[in-house]
Amino acid sequence: MKSITIKGSQRESVGKKATKALRNAGQVPCVIYGGDKTVHFSAEEKAFKNLVFTPNVYTAVIEVEGKKIDAIIQDIQFHPVTDKILHIDFYQLFAGKPVTMSIPVKLSGSSKGVLDGGRMLFTNRKLNVRALPKDFPDFIGIDISPLKIGDNVSIGDILDEKLTFLHPENMAVVRVAMARTAVATDEEETEEGAEGEAGEGATEEKAAE
């Protein structure tokens, strides 16, 4: 998984007055948990743009006072009106310690069911996954080409020995539902064609009698 570097400054004071002053200066107060000690720092709000305002998921390398800390976002607070970032909690990463992240799902291919008029229901666009930091993928890819109307891809279909999905195995990630405009599948069309030929033959036999 790709990382984004955030250069910050250590916070000497963590009181409300100091925090307000940081925000007024265009800085975002942050905390890093999970290590030997809690690290308080701040960084310019624009430094978080590519880390926060994106559909992708990245780890972060926090540079504070010459020290680099690998971390992930644990919690983030936004202003209820302006969506301005108010505070970010990070969790420190360690090579041999598994953590939980929300990983995006990306679909590829063209579903036969959708081409036949079905509706694609992409209900779980991110999945909670637990793994070692080195094993996290940038995204979870699913090829929807084989899906016909009524088919789905569940957690059980995308299991990976390096990843632990924190969802039931029977939970559908994406499925193709019937729609009013859906046409018959190839099998249905074949069966209907056979019935039609049989009916025409019966009519001809009756006429001959």
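The values are calculated or read from the model by the stated rules, or taken from the named source; none is laboratory data. Since the model is a prediction, treat every value here as computed from it, not as a measurement. Note that each Cβ is placed from the backbone with ideal geometry, even for glycine, and that neighbours are counted across all protein chains shown.
Would you confirm whether any residue within the range 100-110 is outside the structural domain of Lys16 (by TED's automatic domain parsing), over 23 Å from Asp36 (Cβ atoms), assigned to a loop (DSSP other than H, G, I, E, B) and of a type in the set (A, V, I, L, M, F, W, C)?
Among the residues of the range 100-110, not one is outside the structural domain of Lys16 (by TED's automatic domain parsing), over 23 Å from Asp36 (Cβ atoms), assigned to a loop (DSSP other than H, G, I, E, B) and of a type in the set (A, V, I, L, M, F, W, C), which makes the answer no.
Restricting to the range 116-131, name every residue that is assigned to a loop (DSSP other than H, G, I, E, B), in contact with a strand residue (DSSP E or B) (Cβ under 8 Å, 6 or more places away or on another chain) and touching a residue at least 24 places away in the same chain (Cβ under 8 Å).
Here is the first cut: in the range 116-131, the ones assigned to a loop (DSSP other than H, G, I, E, B) are 116-118, 122-125.
This time we only want the ones that are in contact with a strand residue (DSSP E or B) (Cβ under 8 Å, 6 or more places away or on another chain), so: 118, 122-125.
Across the range 116-131, the qualifying residues are Gly118, Phe122, Thr123, Asn124.
For Gln77, which of the numbered conditions (1) polar (S, T, N, Q); (2) part of a loop (DSSP other than H, G, I, E, B); (3) touching an Asp or Glu at 6+ places or on another chain (Cβ under 9 Å) fails to hold?
If we test Gln77 against (1) polar (S, T, N, Q); (2) part of a loop (DSSP other than H, G, I, E, B); (3) touching an Asp or Glu at 6+ places or on another chain (Cβ under 9 Å), just (2) comes out false.
Mind telling me which of the residues Ile6, Ile32, Ile69, Ile88 ends up being under 29 Å from Val173 (Cβ atoms) and assigned to a strand (DSSP E or B)? Break it down into steps so the answer makes sense when it comes.
Working: Ile6 fails: under 29 Å from Val173 (Cβ atoms); Ile32 fails: under 29 Å from Val173 (Cβ atoms); Ile69 fails: under 29 Å from Val173 (Cβ atoms).
From the options Ile6, Ile32, Ile69, Ile88, the qualifying one is Ile88.
Condition first: surrounded by fewer than 14 Cβ atoms within 10 Å (Cβ to Cβ) and touching a Ser or Thr at 6+ places or on another chain (Cβ under 7 Å). Now tell me which residues in the range 91-121 satisfy that.
Selection gives Gly109, Ser110.
Just give me the residues in the range 1-25 being of a type in the set (Gly, Ala, Ser), surrounded by 12 or more Cβ atoms within 10 Å (Cβ to Cβ) and over 18 Å from Ile69 (Cα atoms), in sequence order. Talk me through it step by step, then tell me what you get.
If we filter the range 1-25 for residues that are of a type in the set (Gly, Ala, Ser), which is where we start, we get 3, 8-9, 13, 15, 18, 21, 25.
If we keep only those that are surrounded by 12 or more Cβ atoms within 10 Å (Cβ to Cβ) as well, we get 3, 8-9, 18, 21.
Residues satisfying the conditions are Ala18, Ala21.
Is the range 48-59 home to any residue that is in a loop (DSSP other than H, G, I, E, B), surrounded by 19 or more Cβ atoms within 10 Å (Cβ to Cβ) and at pLDDT below 95? Talk me through it step by step, then tell me what you get.
At the first step, the residues of the range 48-59 found to be in a loop (DSSP other than H, G, I, E, B) are 53-58.
Checking which are surrounded by 19 or more Cβ atoms within 10 Å (Cβ to Cβ) leaves us with 57.
From what's left, at pLDDT below 95: 57.
Yes, because at least one residue in the range 48-59 is in a loop (DSSP other than H, G, I, E, B), surrounded by 19 or more Cβ atoms within 10 Å (Cβ to Cβ) and at pLDDT below 95.
When you go through (1) modelled with pLDDT under 95; (2) of a type in the set (Gly, Ala, Ser); (3) over 30 Å from Gly35 (Cα atoms); (4) under 24 Å from the mean Cα position of the chain (by Cα) one by one for Gly193, which number turns out not to apply?
In the conditions (1) modelled with pLDDT under 95; (2) of a type in the set (Gly, Ala, Ser); (3) over 30 Å from Gly35 (Cα atoms); (4) under 24 Å from the mean Cα position of the chain (by Cα), Gly193 misses (4) alone.
Can you pull out the residues in the range 9-29 that are in a strand (DSSP E or B) and either farther than 16 Å from Asp89 by Cα or within 30 Å of the chain's Cα centre (by Cα) (or both)? Explain how you work it out, then say what you get.
Just the residues of the range 9-29 that are in a strand (DSSP E or B), to begin with: 9-10, 27-29.
Across the range 9-29, the qualifying residues are Gln27, Val28, Pro29.
How many residues are at pLDDT 95 or above and farther than 30 Å from Gln92 by Cα when one looks only at the range 123-141?
0
Taking into account only those residues within the range 60-74 that are loosely packed, with under 15 Cβ neighbours inside 10 Å and touching a strand residue (DSSP E or B) at 6+ places or on another chain (Cβ under 6 Å), which is modelled with the highest pLDDT? Even if it seems obvious, please write down each step before you answer.
Taking the range 60-74 and keeping what is loosely packed, with under 15 Cβ neighbours inside 10 Å, we get 65-68.
Subsequent filtering for residues that are touching a strand residue (DSSP E or B) at 6+ places or on another chain (Cβ under 6 Å) retains 65, 68.
Values: Glu65: 88, Lys68: 95.
The residue in question is Lys68.
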